[in-house]
Amino acid sequence: MKKKQYRCGVVAVHGICGNPRLFSMFLNEETERDMLVDRIVLDGHGGSALDFSKKGSMHRWKSQVIEAVDRMHDKCDKVVIAGHSMGCLLALSEAFKGRADGLFLLCPPLKLHITTPMFVNSAKVTFGWSKNNPVIIAARDAYGLEIDHNPLHFYGWIPRFLELFGEIRRIDRMLLSNALEIPVKVFLSEKDESVSPRSDRYLLHQKQCEVTYLNKSTHYYFDESDKGVLRSVFAEFMSEICK
(Lines give C-alpha, C1' and ligand atoms only; values in the text may rest on other atoms or scores of the structure.)
Protein backbone atom coordinates (compact mmCIF):
# COMPACT_ATOMS: atom_id res chain seq x y z
CA MET A 1 0.00 0.00 0.00
CA LYS A 2 1.29 3.43 -0.96
CA LYS A 3 2.29 5.56 2.03
CA LYS A 4 0.08 8.62 2.54
CA GLN A 5 1.73 12.02 2.25
CA TYR A 6 0.21 13.41 5.45
CA ARG A 7 -0.87 12.02 8.77
CA CYS A 8 -3.90 14.35 8.98
CA GLY A 9 -6.04 16.48 6.70
CA VAL A 10 -8.81 18.99 7.31
CA VAL A 11 -11.67 19.78 4.94
CA ALA A 12 -13.22 23.15 5.91
CA VAL A 13 -16.81 23.76 4.73
CA HIS A 14 -18.40 27.18 5.08
CA GLY A 15 -22.08 28.00 5.48
CA ILE A 16 -24.72 29.15 3.04
CA CYS A 17 -23.81 32.58 1.59
CA GLY A 18 -20.50 32.33 3.46
CA ASN A 19 -16.81 31.91 2.66
CA PRO A 20 -13.82 30.06 4.17
CA ARG A 21 -12.21 33.14 5.76
CA LEU A 22 -14.03 32.45 9.03
CA PHE A 23 -11.87 29.36 9.60
CA SER A 24 -8.74 31.51 9.92
CA MET A 25 -9.61 31.75 13.64
CA PHE A 26 -8.05 28.32 14.12
CA LEU A 27 -6.65 27.35 10.73
CA ASN A 28 -3.44 29.30 10.22
CA GLU A 29 0.25 28.83 9.45
CA GLU A 30 0.97 27.48 12.91
CA THR A 31 -1.85 24.92 13.05
CA GLU A 32 -1.37 23.87 9.42
CA ARG A 33 2.32 23.09 9.80
CA ASP A 34 1.85 19.32 9.96
CA MET A 35 -1.44 18.82 8.11
CA LEU A 36 -3.10 19.31 4.75
CA VAL A 37 -6.03 21.76 4.61
CA ASP A 38 -8.67 22.20 1.91
CA ARG A 39 -10.91 25.26 2.28
CA ILE A 40 -13.79 24.59 -0.08
CA VAL A 41 -15.63 27.43 -1.81
CA LEU A 42 -19.08 26.02 -2.51
CA ASP A 43 -20.52 26.55 -5.99
CA GLY A 44 -22.49 29.77 -6.39
CA HIS A 45 -20.38 31.53 -3.76
CA GLY A 46 -17.70 34.11 -4.42
CA GLY A 47 -19.72 35.87 -7.12
CA SER A 48 -23.05 37.62 -7.56
CA ALA A 49 -26.51 36.97 -6.13
CA LEU A 50 -27.50 35.62 -9.55
CA ASP A 51 -24.54 33.23 -9.51
CA PHE A 52 -25.79 31.86 -6.21
CA SER A 53 -29.24 31.25 -7.68
CA LYS A 54 -27.99 29.55 -10.83
CA LYS A 55 -24.84 27.66 -9.83
CA GLY A 56 -25.50 26.50 -6.29
CA SER A 57 -27.65 23.64 -4.99
CA MET A 58 -27.64 21.28 -2.04
CA HIS A 59 -26.93 18.37 -4.40
CA ARG A 60 -23.88 20.12 -5.86
CA TRP A 61 -22.61 21.24 -2.46
CA LYS A 62 -22.82 17.68 -1.12
CA SER A 63 -20.96 16.46 -4.20
CA GLN A 64 -18.21 19.03 -3.64
CA VAL A 65 -17.70 17.87 -0.05
CA ILE A 66 -17.64 14.23 -1.14
CA GLU A 67 -15.01 15.06 -3.78
CA ALA A 68 -12.90 17.02 -1.29
CA VAL A 69 -13.05 14.25 1.31
CA ASP A 70 -12.09 11.70 -1.35
CA ARG A 71 -9.06 13.78 -2.32
CA MET A 72 -8.07 14.12 1.32
CA HIS A 73 -8.37 10.38 1.96
CA ASP A 74 -6.01 9.79 -0.99
CA LYS A 75 -3.31 11.87 0.72
CA CYS A 76 -3.98 11.59 4.46
CA ASP A 77 -4.30 8.82 7.04
CA LYS A 78 -6.92 10.72 9.06
CA VAL A 79 -9.50 13.23 7.83
CA VAL A 80 -11.29 15.81 9.98
CA ILE A 81 -14.13 17.93 8.61
CA ALA A 82 -14.57 21.43 10.04
CA GLY A 83 -17.87 23.16 9.37
CA HIS A 84 -19.63 26.42 10.04
CA SER A 85 -23.43 26.66 9.92
CA MET A 86 -24.66 24.75 6.84
CA GLY A 87 -21.16 23.32 6.50
CA CYS A 88 -21.83 21.39 9.71
CA LEU A 89 -24.76 19.62 8.04
CA LEU A 90 -22.56 18.59 5.12
CA ALA A 91 -19.89 17.41 7.56
CA LEU A 92 -22.39 15.36 9.58
CA SER A 93 -23.72 13.77 6.40
CA GLU A 94 -20.21 12.52 5.59
CA ALA A 95 -19.67 11.35 9.16
CA PHE A 96 -22.77 9.19 9.09
CA LYS A 97 -21.34 7.48 6.01
CA GLY A 98 -18.13 6.67 7.92
CA ARG A 99 -16.00 9.05 5.86
CA ALA A 100 -14.52 11.22 8.64
CA ASP A 101 -12.30 10.57 11.65
CA GLY A 102 -13.51 13.63 13.55
CA LEU A 103 -15.74 16.71 13.25
CA PHE A 104 -15.12 20.28 14.43
CA LEU A 105 -18.43 22.15 14.16
CA LEU A 106 -19.29 25.83 14.67
CA CYS A 107 -22.92 26.93 15.00
CA PRO A 108 -24.59 23.79 13.56
CA PRO A 109 -28.12 24.88 12.50
CA LEU A 110 -30.03 21.95 13.97
CA LYS A 111 -32.68 24.23 15.47
CA LEU A 112 -33.22 27.69 14.00
CA HIS A 113 -34.72 30.72 15.67
CA ILE A 114 -35.81 34.00 14.12
CA THR A 115 -34.48 37.08 15.89
CA THR A 116 -34.61 40.79 15.20
CA PRO A 117 -30.78 41.08 15.05
CA MET A 118 -30.75 38.55 12.20
CA PHE A 119 -32.67 40.95 9.95
CA VAL A 120 -31.10 44.13 11.33
CA ASN A 121 -27.55 42.85 10.90
CA SER A 122 -28.30 41.64 7.35
CA ALA A 123 -29.58 45.10 6.44
CA LYS A 124 -26.53 46.76 7.97
CA VAL A 125 -24.21 44.51 5.97
CA THR A 126 -26.15 45.14 2.75
CA PHE A 127 -26.21 48.93 3.08
CA GLY A 128 -22.85 49.42 4.75
CA TRP A 129 -24.20 50.71 8.04
CA SER A 130 -22.47 50.42 11.45
CA LYS A 131 -19.04 50.06 9.90
CA ASN A 132 -17.36 50.33 13.31
CA ASN A 133 -19.48 47.61 14.92
CA PRO A 134 -17.34 44.43 15.26
CA VAL A 135 -20.42 42.19 14.90
CA ILE A 136 -21.31 43.81 11.57
CA ILE A 137 -17.69 43.80 10.41
CA ALA A 138 -17.49 40.06 11.12
CA ALA A 139 -20.77 39.38 9.33
CA ARG A 140 -19.63 41.37 6.28
CA ASP A 141 -16.28 39.57 6.21
CA ALA A 142 -18.05 36.20 6.41
CA TYR A 143 -20.47 37.06 3.57
CA GLY A 144 -19.46 35.15 0.48
CA LEU A 145 -21.26 37.12 -2.23
CA GLU A 146 -21.12 40.52 -3.87
CA ILE A 147 -23.37 43.14 -2.30
CA ASP A 148 -26.50 43.50 -4.46
CA HIS A 149 -29.38 45.94 -3.88
CA ASN A 150 -31.69 44.57 -6.59
CA PRO A 151 -34.40 42.44 -4.90
CA LEU A 152 -35.21 40.70 -8.20
CA HIS A 153 -31.81 39.02 -8.11
CA PHE A 154 -32.74 37.15 -4.93
CA TYR A 155 -35.83 35.33 -6.22
CA GLY A 156 -33.74 32.29 -7.11
CA TRP A 157 -32.52 32.00 -3.52
CA ILE A 158 -35.83 30.50 -2.37
CA PRO A 159 -35.08 26.96 -3.64
CA ARG A 160 -31.62 27.06 -2.07
CA PHE A 161 -32.99 27.88 1.38
CA LEU A 162 -35.81 25.35 1.03
CA GLU A 163 -33.11 22.75 0.34
CA LEU A 164 -31.27 23.93 3.44
CA PHE A 165 -34.36 23.52 5.63
CA GLY A 166 -34.91 20.05 4.20
CA GLU A 167 -31.31 19.08 4.98
CA ILE A 168 -31.70 20.35 8.56
CA ARG A 169 -34.71 18.08 9.06
CA ARG A 170 -32.85 15.12 7.55
CA ILE A 171 -29.76 15.55 9.74
CA ASP A 172 -31.89 16.12 12.86
CA ARG A 173 -33.63 12.77 12.28
CA MET A 174 -30.31 11.02 11.74
CA LEU A 175 -28.83 12.46 14.92
CA LEU A 176 -31.82 11.32 16.97
CA SER A 177 -31.80 7.78 15.59
CA ASN A 178 -28.11 7.06 14.91
CA ALA A 179 -24.90 7.14 16.92
CA LEU A 180 -21.87 9.04 15.72
CA GLU A 181 -18.87 6.72 15.98
CA ILE A 182 -16.21 9.45 15.87
CA PRO A 183 -15.19 12.28 18.22
CA VAL A 184 -17.06 15.53 17.61
CA LYS A 185 -16.39 19.00 19.00
CA VAL A 186 -19.35 21.40 18.77
CA PHE A 187 -19.44 25.12 19.53
CA LEU A 188 -22.73 27.00 19.95
CA SER A 189 -22.81 30.78 20.26
CA GLU A 190 -25.24 31.93 22.94
CA LYS A 191 -25.85 35.23 21.10
CA ASP A 192 -26.37 33.56 17.71
CA GLU A 193 -28.92 35.49 15.64
CA SER A 194 -30.19 32.50 13.66
CA VAL A 195 -29.12 29.22 15.30
CA SER A 196 -30.67 28.39 18.65
CA PRO A 197 -28.40 27.08 21.43
CA ARG A 198 -31.16 24.48 21.83
CA SER A 199 -29.59 22.77 18.83
CA ASP A 200 -27.73 20.92 21.57
CA ARG A 201 -30.74 18.63 22.11
CA TYR A 202 -29.71 16.74 18.98
CA LEU A 203 -26.13 16.32 20.20
CA LEU A 204 -25.90 15.84 23.95
CA HIS A 205 -26.91 12.17 23.81
CA GLN A 206 -24.06 11.40 21.40
CA LYS A 207 -21.39 9.76 23.57
CA GLN A 208 -18.37 11.11 21.69
CA CYS A 209 -19.79 14.60 21.19
CA GLU A 210 -18.64 17.50 23.37
CA VAL A 211 -20.62 20.75 23.24
CA THR A 212 -19.06 24.07 24.26
CA TYR A 213 -21.13 27.24 24.66
CA LEU A 214 -19.54 30.53 23.61
CA ASN A 215 -21.32 33.17 25.67
CA LYS A 216 -19.83 36.25 23.98
CA SER A 217 -20.15 35.23 20.33
CA THR A 218 -22.76 35.42 17.56
CA HIS A 219 -23.21 33.49 14.32
CA TYR A 220 -20.28 35.23 12.61
CA TYR A 221 -18.61 37.29 15.32
CA PHE A 222 -16.36 35.44 17.76
CA ASP A 223 -15.03 37.28 20.78
CA GLU A 224 -11.25 37.20 21.20
CA SER A 225 -11.51 35.02 24.29
CA ASP A 226 -13.78 32.60 22.41
CA LYS A 227 -11.31 32.54 19.52
CA GLY A 228 -8.66 31.51 22.02
CA VAL A 229 -10.88 28.65 23.15
CA LEU A 230 -11.39 27.54 19.54
CA ARG A 231 -7.66 27.58 18.80
CA SER A 232 -6.79 25.70 21.96
CA VAL A 233 -9.46 23.03 21.56
CA PHE A 234 -8.71 22.59 17.85
CA ALA A 235 -4.99 22.07 18.48
CA GLU A 236 -5.71 19.54 21.22
CA PHE A 237 -8.38 17.81 19.11
CA MET A 238 -6.11 17.43 16.10
CA SER A 239 -3.28 16.18 18.29
CA GLU A 240 -5.56 13.48 19.67
CA ILE A 241 -6.97 12.48 16.26
CA CYS A 242 -3.58 12.37 14.58
CA LYS A 243 -1.50 10.69 17.26
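The values are calculated or read from the model by the stated rules, or taken from the named source; none is laboratory data. Since this is a predicted model, take the numbers as computed values, not measurements. So basically every Cβ, Gly included, is an ideal-geometry build from the backbone, and we count neighbours across all protein chains shown. Note: areas computed on protein heavy atoms with side chains; ligands, DNA, RNA excluded. Shrake-Rupley method; radii C 1.70, N 1.55, O 1.52, S 1.80 Å.
Quick look at the numbers
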| quantity | calculated |
| --- | --- |
| The stretch 138-152, residues that are touching a residue at least 60 places away in the same chain (Cβ under 8 Å), surrounded by fewer than 17 Cβ atoms within 10 Å (Cβ to Cβ) and either β-branched (Val, Ile, Thr) or assigned to a helix (DSSP H, G or I) (or both) | Asp141 |
| Hits in the stretch 44-66 - residues which are open to solvent by 10 Å² or more (accessible area, probe 1.4 Å) and in contact with a strand residue (DSSP E or B) (Cβ under 9 Å, 6 or more places away or on another chain) | Gln64 |
| Residue that is farthest from Tyr143 (Cα to Cα) [pool: residues in the stretch 180-221 that are of a type in the set (D, E, K, R) and crowded, with 21+ Cβ neighbours inside 10 Å] | Lys185 |
| Subset of the stretch 188-231 [polar (S, T, N, Q) and not in a loop (DSSP other than H, G, I, E, B)] | Ser189, Ser199, Thr212, Ser225 |
| Looking only at the stretch 19-34, and only at residues there that are open to solvent by less than 30 Å² (accessible area, probe 1.4 Å) and not in a loop (DSSP other than H, G, I, E, B), the one that is farthest from Pro159 (Cα to Cα) | Met25 |
| Selection count where residues are outside any helix (DSSP H, G or I), modelled with pLDDT of 85 or more and either open to solvent by less than 60 Å² (accessible area, probe 1.4 Å) or closer than 20 Å to Arg21 by Cβ (or both), scope the stretch 107-131 | 6 |
| Unique match (being over 24 Å from Leu214 (Cα atoms), modelled with pLDDT of 95 or more and among the charged types (D, E, K, R)) among Arg7, Arg33, Arg71 | Arg71 |
| Pairs, first without any contact (Cβ under 8 Å) to a residue 12 or more places away in the chain in the stretch 97-123, second surrounded by fewer than 15 Cβ atoms within 10 Å (Cβ to Cβ), C-beta under 8 Å, six or more apart | Ala123/Trp129 |
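This table checks each residue for (1) out of contact with any helix residue (DSSP H, G or I) (no Cβ under 7 Å at 6 or more places or on another chain); (2) within 30 Å of Leu50 (Cα to Cα); (3) charged (D, E, K, R).
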site	(1), (2), (3)
Asp141	no, yes, yes
Leu152	yes, yes, no
Leu164	no, yes, no
Glu167	no, yes, yes
Arg173	yes, no, yes
Ser177	yes, no, no
Leu180	no, no, no
Val184	yes, no, no
Glu190	no, no, yes
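To keep it simple, each residue is scored yes or no on (1) among the polar types (S, T, N, Q); (2) open to solvent by less than 60 Å² (accessible area, probe 1.4 Å); (3) part of a loop (DSSP other than H, G, I, E, B).
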residue	(1), (2), (3)
Arg7	no, no, no
Leu42	no, yes, yes
Arg71	no, no, no
Ser93	yes, yes, no
